[in-house]
Amino acid sequence: MVEGIKKIGVIGAGQMGTGIAQVSAMSGFETLLWDVEASSIDKSFGFMQKHLQRGLEKNKWENEFIEKTMNSLSKADSLNDFNDCDLVIEAIVENESIKFELFSSLDKICKPSCLLASNTSSIPISKIAESTNRADKVAGMHFMNPVPVMKLVEGIRGKQTSEKSFELIESVAKKMGKTFVKSNDFPGFIVNRVLMPMINEAIYALDEGVATAEDIDEAMKLGTNQPMGPLVLADFIGLDTCLAIMNVLYEGFKTEKYKPCSLLETYVSDGKLGKKTKEGFYKY
Ligand code: CAA
Ligand code: NAD
């Protein structure tokens, strides 16, 4: 079923775009990467090279595989380079208007058969699709962080996503070695509808003085068998992304239970976004 998808474009070379591009190239797709910040693309290529090299040292693959993977990857000079892609996966900042603008541009640039997928954590896919004239070819393809390690892709079918487009998205995710779970188009889908309120509650617990960040994380790690505590996970995801997701839930459902904790808002307005800025609930 994956026939017809040979070249995948990835837009946004942050932590998610880097992981998606790497997994795409490792799965044999010709892969093109672009970001508004040219330096992010170079950083992203350096990160992929380093990660692949570590796999070689751990005997996970051979040098030939690294060469083949790196040769499948290329850097785009501009959005116009995406005109011959069969699928474009967007992984830019979690901001509705910026995503709408990008999808509108992609709709004009990409060939008519090209599928457009968003890695959005929470924004309804049907709303993103409305900024294009190909809503039947727009779907959610929500990878988890870190992409090369996490097994899940949440597939989100927008109101107008066609059966054929959704099946193709599923087959691409499977070719990338992922398990595909289908979600209807609600704010936050499945994972963030459940995960983010837990993270937000952990921030309230910190803010109200229930315990220190370290103890909240240790309690949740050892008490509920999670690989990371919720505050360190929030730092790892990015506090700006966490806040954006909470706001989508809050505005989408209009209930107080999704109100972002003011401490989260303070960290974001202070530019403490977690691991990517070297400071969040912890220092890195
Ligand atoms: N990129 C690629 N690979 C990575 C990586 C990264 N950023 N970080 C770790 N890895 C790999 C390592 O190379 C290592 O691979 P091998 O075992 O094959 O050598 C493996 O992951 C384990 O790494 P470590 O031993 O260094 O560390 P760990 O055992 O503590 O695991 C972790 C790290 C996988 C991140 C683990 O802590 C974990 O699963 N954390 C929870 C992650 C999670 O919940 N992600 C979902 C977030 S929500 C989301 O993504 C949706 C959203 O919209 C916000
Ligand atoms: P990030 O901040 O690491 O990277 C975002 C990148 O997008 C930056 O490099 C930025 O320069 C680039 N960018 C911004 N506007 C752009 C534009 N108009 N065109 C091209 N590039 C642009 O963010 P991230 O954590 O990689 O998240 C990206 C997307 O993935 C968001 O929608 C987020 O909600 C989603 N997501 C994040 C996680 C996570 O754990 N961080 C997990 C799943 C999904």
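Which of the aspartates and glutamates could a cross-linker bridge to residue 178, judged by Cα under 16 Å and excluding same-chain residues fewer than eight apart?
Those aspartates and glutamates meeting the cut-off are 154, 167, 170.
Over 26 Å between C-alpha atoms is what I'm after, so list which of 58/151; 7/99; 99/275; 108/276 land there.
Long pairs (Cα-Cα over 26 Å): 108/276.
Quick one: length gained pulling residue 266 to residue 224 fully straight, 0.36 nm per residue minus the C-alpha distance?
Value of the extension gain: 12.3 nm.
Percent relative contact order of region 78-190, based on C-alpha pairs within less than 8 angstrom and at least six residues apart?
Averaging sequence separation for qualifying contacts and normalising by length gives 23 percent for region 78-190.
Compute the relative contact order of the chain as a whole-number percentage, counting only Cα pairs closer than 8 Å that sit 6 or more residues apart in sequence.
Computed over the chain, the figure is 15 percent.
Summarise the accessible area of region 192-275 (1.4 Å probe, protein heavy atoms) by the percent that is carbon and sulfur.
Ligands and nucleic acids excluded, carbon and sulfur reach 55 percent.
From the phi angles alone, apply the Karplus equation (6.51, -1.76, 1.60; θ = phi - 60°) to region 141-156 and give each ³J(HN,Hα) in whole Hz, x where the residue is Gly or Pro.
Along region 141-156, the couplings run 9, 9, 7, 9, 9, x, 4, x, 9, 7, 7, 9, 10, 8, x, 10 Hz.
Find, among the trypsin sites (Lys or Arg not before Pro) in region 217-284, those assigned to loop by DSSP (not H, G, I, E, B) with at most 10 other beta-carbon atoms within 10 angstrom.
254
Working out 0.36 nm times the residue gap between residue 51 and residue 283, then minus their Cα-Cα distance, what length gain in nm do you get to one decimal?
Separation in residues times 0.36 nm, less the Cα-Cα distance, equals 81.2 nm.
How large is ³J(HN,Hα) for each residue in region 28-40, as worked out from phi by the Karplus curve 6.51 cos²θ - 1.76 cosθ + 1.60 (θ = phi - 60°), to whole Hz, x for Gly and Pro?
Each residue's phi maps through the Karplus curve to give x, 8, 5, 10, 10, 10, 8, 8, 4, 9, 4, 5, 5 Hz.
Tally Lys/Arg at +1 and Asp/Glu at -1 over every other residue whose Cβ is under 13 Å from the Cβ of residue 82; what's the total?
-4
Name the longest site-free stretch of the chain, where the excluded sites are GluC sites (Glu not before Pro) in a DSSP loop with no more than 14 other beta-carbon atoms within 10 Å.
Between exposed loop sites, the widest span is 63-207.
Write down, largest first, the equivalent ellipsoid semi-axes of region 168-284 in whole Å, where each equals the square root of 5 times an eigenvalue of the alpha-carbon gyration tensor.
26, 18, 15
Given points 7 Å out from each Cα along the Cα-Cβ axis, report the residue 175 to residue 75 separation in nanometres with one decimal.
2.6 nm
Report the trypsin sites (Lys or Arg not before Pro) located in region 1-78 that are in a DSSP loop and have at most 11 other Cβ atoms inside 10 Å of their Cβ, or state none.
Sites meeting the loop and neighbour criteria: 58, 60.
Working out 0.36 nm times the residue gap between residue 113 and residue 65, then minus their Cα-Cα distance, what length gain in nm do you get to one decimal?
Answer, rounded to one decimal: 14.3 nm.
Restricting the count to DSSP beta bridges whose residues both fall in region 93-225, what percent are antiparallel, rounded to a multiple of 5?
Rounded to the nearest five, the antiparallel share is 40 percent.
Please report Rg over Rh for the chain, where both radii come from the alpha carbon positions and Rh follows the Kirkwood definition.
On the Cα set of the chain, Rg over Rh gives 0.97.
Check cross-link reach from residue 127 to the aspartates and glutamates: straight Cα distance under 16 Å, and skip same-chain residues fewer than eight apart.
Partners within reach: 90, 94, 96, 101, 107, 136, 185, 251.
Give, in whole angstrom and from largest to smallest, the semi-axes √(5λ) of the equivalent ellipsoid of region 1-47, with λ running over the eigenvalues of the Cα gyration tensor.
Values for region 1-47, descending: 21, 10, 7 Å.
So, for the chain, what is the accessible surface per residue at a probe of 1.4 Å, expressed in square angstrom?
Averaged over the residues of the chain, the accessible area is 48 Å².
Hey, which aspartates and glutamates would be in cross-link range of residue 68, C-alpha to C-alpha under 18 Å, not counting anything within fewer than 8 residues on its own chain?
Within the straight-line cut-off, residue 68 pairs with 30, 57.
Classify region 21-88 as rounded, prolate or oblate from the Cα gyration tensor: take a ≥ b ≥ c as the square roots of its eigenvalues, call it rounded if a/c is under 1.5, otherwise prolate when a/b beats b/c and oblate if not.
It is oblate, given that a/c is not under 1.5 and a/b is not larger than b/c.
The values are calculated or read from the model by the stated rules, or taken from the named source; none is laboratory data. Owing to the predicted nature of the structure, the values given are computational and were not obtained by experimental measurement. When we count neighbours, we look across all protein chains shown, and the Cβ atoms used for this are built from the backbone with ideal geometry, even at glycine. Ligands, DNA and RNA are stripped out before the accessible areas are found, and what is left, the full protein with its side chains, is counted by its heavy atoms. Shrake-Rupley method; radii C 1.70, N 1.55, O 1.52, S 1.80 Å.
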